[in-house]
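The values are calculated or read from the model by the stated rules, or taken from the named source; none is laboratory data. In this text, all values refer to a predicted model and were calculated from it rather than measured experimentally. Ligands, DNA and RNA are excluded from the accessible area calculation, which covers all protein heavy atoms including side chains. Shrake-Rupley method; radii C 1.70, N 1.55, O 1.52, S 1.80 Å.
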Amino acid sequence: MRVRCWVALILFLVPSVLEAQSRTGASQMQLEQMANRFAPTPLRVGLSSLSPGDRQALVKLIQAARIIDEIFMKQLWSGNPTLYQHLQKDTSSLGEARLHYFWINKGPWSEIDEYKAFLPGVPGRKPLGANFYPEKMTKQEFERWLDGLSPIEQENAKGFFTVIRDKAQASKLHGNADENSATPFLAVPYSDEYKDELTRAASLLREAAGLTENDSLKKFLETRAAAFLSNDYYESDMAWMELDAPLDITIGPYETYNDEWFGYKAAFEAYVNLRDEQESAKLAVLAKYLQEIENNLPIDPQYRNSKLGAAAPIRVVDEIISAGDGAHGVQTAAYNLPNDDRVVQQKGSKRVMLKNVQEAKFRAVLLPIARRTLSRNAMLDVNFDSFFTHILAHELTHGIGPHQIKVGDRETNPRFELKELYSAIEEAKADVTGLFALQYLMDHSKELKLGNTLPTDEAAQRQLYVTFLASSFRELRFGLHDAHGKGMAMQFNYLMDKGAFVPHGDGTFSVDENKAKNAVRELDHDLLTIEAEGDYAAAKKMLDELGVVRPILKRALARLQDLPTDIEPIFVTAEELAPSTSAQGVVTPPRPENRKGSKSRSTRR
Ligand code: ZN
């Protein structure tokens, strides 16, 4: 079978086709074609600058990251651990193709095909509530149950770090159910739900803490290890904000994208990185102007924050290994954490840019896409600097705009008010505010004495919007199930409607810069105002109307079918330091029977 246009096709799939597919699963050839959309890319990172202690610590951190893969697979679906084990035993060539694509997705659903099942005997699509809620619970049931709880219990039930379980099931597993309670459900802390894995990961983090000479890394690792066991992440989130070390690590429960019901529950992820000292220093210069940009955001001045928190740190790093929620489907290019608004309020947030991942994506995916979607002249304006700078601006501007808001007399925040729509709105806000911010800096480079930090000439301005147009095609190919994709479709349609993106008869596009500048301001105004007012209805209207694939876009995407969608990272340096036992970068977790009763097991394989 030829590689189909998955984004377009999925719109016409009737349920019976999905069911048939999930009964037999994809064929070997289909699986190989699906996997081929991820260009295998070795990630090699030079470690010569690391101290001997850090080098030893790194081995432990790589091992801890691999445990995060195990937890994440559990979080995605209750059937995942057994299925994964089964796939590893299947040595047929079909079995290998299945295992390979399973590993890319960390589950039996193809993320870039709207989570359609590619293996037999599994639900046709990833459950919307993943494994954060009981399998048989409905969204309405959760809401009804929630209504009957006390405010404290409600907070717990909606918390980042609890799963909801059937009371009967939970009391069997954890023995902590309140037998007298009349409610059928229970909020179980992650520290209980993933006790075995978190105990092993915590002990590896403590070992690493004992090996590194860097105090801020030591502190983060020790407090994070404690958080794994206590379920209280606050102190370690604060320590992560202060982490300033050559070994830059992020490990824990963070993003809530996989809770497609409410966006309440955090999935585990890990990134083990080496800091790029020079780039970090250069980019920190841009962060200096955040307050200036906040003061000039295109919103009602009453919604601007006249005093942003302390300047937020930026790290530019090269990724050594990523795991869990940080390593499935389309690879993370940059992230902005933590998500806990209490920490963000006090310390701001930290941006980590994975430069080697971004360069790999730019080369393997973006340039080929640009060659097919842009007019000849526009193509000349696509470059890695603009791409990298806009991703930086995206990350920077997550930290500005409305975070603590008032709805009526109630103190609240946009995440809480916009619920499952928040991620799509916030991602779009960061894209558009990023464009706005860079344009602002270019327009005011003389007053601000930007010097050589940012190219500001006409060509640089053109390159900014054109490269953004090219990268929007790259993101739209991921489908609309994902917050980035839906937010990007909304932006694309908005900018088309305003004449900023210009279609040509031959199917290519270019940019009208002047219209783009104004349209970006207007769109930014709309998005920031939705967040400032916590306006769920307005967010829904905007996403329903604009977060769709229109025919002209569908045709453009159809021309990209055979190009890779993303990279499949091969963690060469991680494998060299701490080899996993499997082929093709597939990591094999210990079998459950080996794990039982081995609490102190701190090294695997
Ligand atoms: Zn973002």
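Key figures for this structure:
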read-out	value
Measure of compaction for segment 228-358 (Cα Rg per 2.2 N^0.38 Å)	1.12
15 Å tail of the calculated P(r), segment 185-233, as % of Cα pairs	44
For segment 377-440, accessible area per residue (1.4 Å probe, heavy atoms of protein chains only), Å²	32
Whole-Hz ³J(HN,Hα) from phi, Karplus 6.51 cos²θ - 1.76 cosθ + 1.60, for segment 40-52, glycine and proline x	x, 9, x, 9, 10, 10, x, 10, 4, 7, 6, 6, x
Cα Rg, Dmax, segment 458-572, angstrom units	15.3, 47
Å² per residue, accessible surface of segment 155-276 at 1.4 Å	35
Shape call, segment 67-117: gyration tensor on alpha carbons, a/c limit 1.5	oblate
Radius, Kirkwood style, for segment 40-126 when every pair of distinct Cα atoms is counted (Å)	15.0
Segment 298-340-segment 109-159 distance, computed between alpha-carbon centres (Å)	26
Taking only Cα atoms of segment 251-290, radius of gyration then Dmax in Å	15.6, 41
Centre separation in Å (Cα based) which lies between segment 74-108 and segment 538-579	22
Segment 441-579 - accessible surface per residue (Å², probe 1.4 Å)	40
Carbon/sulfur fraction of accessible area - the chain, other protein chains in place, 1.4 Å, %	50
D_trans [Stokes-Einstein, Kirkwood Rh over alpha-carbon pairs] for segment 326-438, 4 °C, 1.567 mPa s, µm² s⁻¹	81
Calculated P(r) of segment 388-512 - Cα pairs past 20 Å, %	52
For segment 194-272: Kirkwood Rh in Å [reciprocal of mean 1/r, alpha carbons]	13.0
Cα extents of segment 97-158 along the three principal axes, largest first (Å)	49, 17, 17
Cα centroid separation, segment 407-433 to segment 358-372 (Å)	31
Computed over segment 28-86, the ratio Rg/Rh where both radii use C-alpha atoms and Rh is Kirkwood	1.13
For segment 42-198, Kirkwood radius (reciprocal of mean inverse C-alpha pair distance, Å)	18.3
Computed [θ] at 222 nm, deg cm²/dmol, the chain (DSSP H ≥ 4; -39,500 (n - 2.57); rounded to nearest 500)	-15500 deg cm²/dmol
Radius of gyration and Dmax over the Cα atoms of the chain, both given in Å	23.4, 72
